[in-house]
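Asks: First the structure, then my questions, so here it is.
Quick note: the coordinates plus some simple rules give every number you see, no bench work behind them. Note that the structure is predicted; figures quoted are calculated from it, not measured. For neighbour counting, all protein chains shown are included, and Cβ atoms are generated from backbone atoms with ideal geometry for every residue, glycine included.
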Amino acid sequence: MDENFLTVSQLKSSEITDGYTFTAILVVRKITQRTTKTDNPFLSVELGDKTGSFSLICFVDQPSYNFFSEQGEGIVVAIEGTVEHYQGRFSPRLQNVKALSEEQLSQEAVQNLVETPPETPEQLKKDLDELIAFIKHSTLRATVQNVFEELGDKFLTLPAAVSMHHAYRFGLLEHTVHIGKNCRALLPLYPEVDADLAMAGGLLHDVGKALEYEGNLAFKKTTIGQLQGHVILGYRLTRKAAMKTKLSSDILDRLEHIILSHQGELEWGAAVMAATPEAVFISMVDNLDAKMGMVQRSLRQTSETEEFSEYMPGLKSPVFTLPPIYPDSDTDGQTELPIA
């Protein structure tokens with residue numbers, strides 16, 4: 001990328017102080033319409049690249065309000081702004097903005113815009129295949145395989161969310177693989193949970209997101225995603241595959257229940273509350289990886305000079321980023337706890 005354009009991590013570094021004028025090439029990730037206490041409309045515009053993101057506030061009387069209202073999400077923009085902070089958060093003042101076509105971007109620029117997991121997609125795909133093979137019941141395994149074959153590359157490249165957890169290219173694949181690996185590690189502790197059903201449900205719990213989201217440099221919900229949501233879309237994909245493989249009705253009912261209940265709470269989007277050992281297990285594992293995914297991403301994107309990440313809505317807190325420092329002792333870091 002042209003050295004004159006700064007990345008988000010560079011903009012947030014301690015070397016850049018308030019008042020500094022900068023230029024950057026960024027993706028418009030999300031635009032949210034809001035109103036002030038006096039009912040005046042404004043936009044909260046999330047911009048980002050592979051190193052992080054930040055939000056701009058565009059009031060209705062500013063040219064940027066009309067620009068972002070007309071252009072929408074998912075575009076690439078070149079911006080000029082001035083570094084400012086509001087209540088301790090990076091909140092620059094926008095001066096100029098223009099849209100860029102992908103033809104105007106160099107390959108290096110595109111690579112700097114696209115956030116991806118630490119693991120390569122090739123390794124994640126290999127891990128996914130191994131986790132499918134973990135399922136011993138042949139018809140259940142074939143049902144899972146059938147779903148992924150129908151989705152093809154669409155499942156491999158999309159995010160697991162637009163803004164909460166694993167919200168980047170290959171994020172859905174990463175989240176699914178981490179769910180499967182968590183299952184494999186934790187299942188021996190819970191013999192009451194059927195291992196095949198849990199692994200199948202874990203791998204399929206979010207497959208509907210492959211139909212819920214679309215995009216290249218930034219992602220948004222599809223029409224069907226808005227109308228039905230990934231829980232119902234995943235339920236439909238699974239039922240269609242099970243009809244092809246002739247999966248028994250009892251096993252299908254239990255598998256569909258995992259998908260319908262995996263979000264844990266009705267207010268979080270679950271169609272029903274988890275009521276089988278496997279469904280409870282997957283809802284907890286899903287919540288674990290979603291939250292730890294937020295932690296991992298915040299650690300990757302926070303400067304080494306910062307003690308705390310930015311506020312994480314999904315955690316309702318910023319993340320303390322400094323690693324523990326154990327004193328040199330004979331206890332290898334284990335200190336004796338005080339007696340209450």
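Asks: Report the label-to-label distance for Asp153 and Glu307 in nanometres (one decimal), using points 7 Å from each Cα along the Cα→Cβ vector.
Replies: For Asp153 paired with Glu307, the spin-label model returns 4.8 nm.
Asks: Once a ≥ b ≥ c are taken as the square roots of the eigenvalues of the Cα gyration tensor of segment 8-113, is the result rounded (a/c under 1.5), prolate (a/b larger than b/c) or oblate (a/b not larger than b/c)?
Replies: oblate
Asks: Please report the spacing between the Cα centers of segment 250-269 and segment 38-112 in Å, no decimals.
Replies: That distance is 38 Å.
Asks: Once whole DSSP H runs in the chain are found, which of them have Cα atoms spread over 27 Å or more along the helix axis and a mean Kyte-Doolittle score of at least -0.5?
Replies: Correct list, ordered by number: 223-245, 277-301.
Asks: Pop the C-beta distance of Ala99 and Thr21 into the FRET formula with R0 = 30 Å and round what comes out to the nearest 0.05.
Replies: After rounding to 0.05, the efficiency reads 0.90.
Asks: For the pair Gln87/Ser248, report the inter-label distance in nm, with labels modelled 7 Å from Cα in the Cβ direction.
Replies: Those two pseudo-labels are separated by 5.6 nm.
Asks: Sorted by average packing, counted as other Cβ atoms within 10 angstrom per residue and highest first, what order do 292-301, 262-271, 168-177 take?
Replies: The peptides rank, most packed first, as 168-177, 292-301, 262-271.
Asks: Note the full-extension length gain between Tyr190 and Trp268 as 0.36 nm times their separation in residues minus their Cα-Cα distance, in nm to one decimal.
Replies: Contour length minus Cα-Cα distance gives 25.5 nm.
Asks: Quick check for you: which residues of segment 287-309 have the amide N under 17 Å from the point 7 Å beyond the Cα of Ser13 toward its beta carbon?
Replies: Taking a point 7 Å out along Cα→Cβ of Ser13, the residues of segment 287-309 whose backbone N falls under 17 Å are 300-307.
Asks: For the pairs Lys125/Lys220; Lys240/Lys316; Lys244/Lys291; Lys125/Lys221; Lys126/Lys240; Lys181/Lys220, flag any whose C-alpha to C-alpha distance is greater than 32 Å.
Replies: Lys240/Lys316; Lys244/Lys291
Asks: Looking at the square roots a ≥ b ≥ c of the eigenvalues of the Cα gyration tensor of segment 121-296, which shape do they give, rounded for a/c under 1.5, prolate if a/b is larger than b/c, or oblate?
Replies: rounded
Asks: Among the aspartates and glutamates, select those whose C-alpha is under 18 Å from the C-alpha of Lys12, and discard any that sit fewer than 8 residues away in the same chain.
Replies: Excluding near neighbours in sequence, the set is Glu3, Glu46, Asp49, Glu80, Glu84, Glu115, Glu304, Glu306, Glu307, Glu310.
Asks: Also, I was wondering about something else. Relative to the Cα centre, what is the charge dipole magnitude of the chain, using +1 at the beta carbon of each Lys and Arg, -1 at the beta carbon of each Asp and Glu, and rounding to the nearest 20 debye?
Replies: 1140 debye
Asks: Also, I was wondering about something else. Can you tell me the order of 235-248, 182-195 when each peptide is scored by its average per-residue count of other Cβ atoms within 10 angstrom, highest first?
Replies: 235-248, 182-195
Asks: What is the extension gain from Gln111 to Arg236, computed as 0.36 nm multiplied by their sequence separation minus the C-alpha to C-alpha distance, in nm to one decimal?
Replies: Full extension of this stretch gives 41.5 nm more.
Asks: While we're on this one: Quick one: divide the alpha-carbon radius of gyration of the chain by 2.2 N^0.38 Å and tell me what you get.
Replies: Against the compact-globule rule of thumb, the ratio is 1.11.
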